[in-house]
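Read through the structure below, which is laid out as C-alpha cells, and then see the notes.
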Amino acid sequence: VPYLCQYEGRALFLDCDMMMLADVADLLRVADPDRAVSVCQHDYTPQTTTKFLNQPQTPYPRKNWSSVMLFDNAQCRALSPYRVNTADPSWLHQFQWVHDTQIGALPLEWNWLVGEYAPNDAAKNLHWTIGGPWFEPYRDADHADLWRDEYASLRGMVRR
C-alpha cells in the first residue's frame with residue numbers, strides 16, 4: 001500500500017471481511033501521526049481451531065494486527081514490492097519490518113473481532129475474521145443483521 005501511494009501521505013489497508021460503521025476519517029483523529037503504522041493491538045488467542053470454510057486458525061504473536069493498518073507511507077519504505085512478495089509472512093504480519101516504537105495503537109473498536117469478542121454496539125468496524133454472514137455457516141454471526149441490512153440496501157441500488 002505505501003508503495004502504491006509512492007510513499008507519500010497516509011493510507012489505510014483493511015481486510016476484505018469487514019464492515020465499517022463509522023466515518024473512516026475518524027481514524028486520522030485517533031491515530032498517532034508520528035508513528036509509521038497504527039493498528040489495533042489485539043492481545044488474544046483465537047477461540048477456535050478453524051475459521052471460515054474450515055480453514056485452519058493459526059495463532060501467532062500480533063494476530064490480526066495487520067488486518068487494519070493506517071500507514072504513514074513515507075516511514076514504510078521497507079515495504080517494497082520485492083520485500084512484500086518474497087518475505088516470510090511472519091515478517092509482514094508480526095511487523096518485523098518496523099521498530100516496535102513506530103507502531104501506534106488504535107482503539108479495538110476499529111477492528112472488532114466478531115465471534116472472538118462479545119457483541120459490541122460501540123464497534124466502529126466489524127471484522128468477521130472467523131467467517132462472515134455471507135457464508136451459510138455464519139449467517140447468524142454476531143451483528144449479521146447489520147450486514148444483511150446493508151447488503152439489502154445495496155442490492156436495491158443496483159439497476160437490473
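Tabulated data
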item: Hydrodynamic radius (Kirkwood) for the chain, which is based on Cα pairs only, to one decimal in Å; result: 16.9
item: Selected from P59, P89, P46 as most flexible by GNM, with the chain as the system and alpha-carbon contacts under 10 Å; result: P89
item: Heavy atoms of E136: accessible area, 1.4 Å probe, square angstrom to 10; result: 130
item: Length added when fully stretched, Q96-L154, from 0.36 nm per residue minus Cα-Cα; result: 17.0 nm
item: Surface share of carbon and sulfur [accessible, 1.4 angstrom probe, percent] for the chain; result: 53
item: Magnitude of the charge dipole, the stretch 28-70, Cβ model with Lys/Arg +1 and Asp/Glu -1, debye to 20; result: 120
item: Per residue, in Å², the accessible surface of the chain once ligands and nucleic acids are set aside, probe 1.4 Å; result: 58
item: Candidates H99, H143, H127, ranked by Gaussian network fluctuation over the chain, Cα under 10 Å, top entry; result: H99
item: Cα gyration tensor, the stretch 22-113 - rounded (a/c under 1.5), prolate or oblate; result: oblate
item: Residue-span extension gain [D32 to Y82] - 0.36 nm each, minus C-alpha spacing; result: 15.2 nm
item: Descending semi-axes in Å of the stretch 96-160, equivalent ellipsoid built from Cα gyration tensor; result: 29, 15, 12
item: Dipole magnitude (debye, nearest 20) for the chain, charges at Cβ of Lys, Arg, Asp, Glu; result: 500
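The values are calculated or read from the model by the stated rules, or taken from the named source; none is laboratory data. Remember, predicted model here, so these are calculated numbers, not experimental data. All Cβ positions, glycine included, derive from the backbone under ideal geometry; neighbour counts span all protein chains shown. Accessible surface areas use protein heavy atoms only, side chains included; no ligands, DNA or RNA. Shrake-Rupley method; radii C 1.70, N 1.55, O 1.52, S 1.80 Å.
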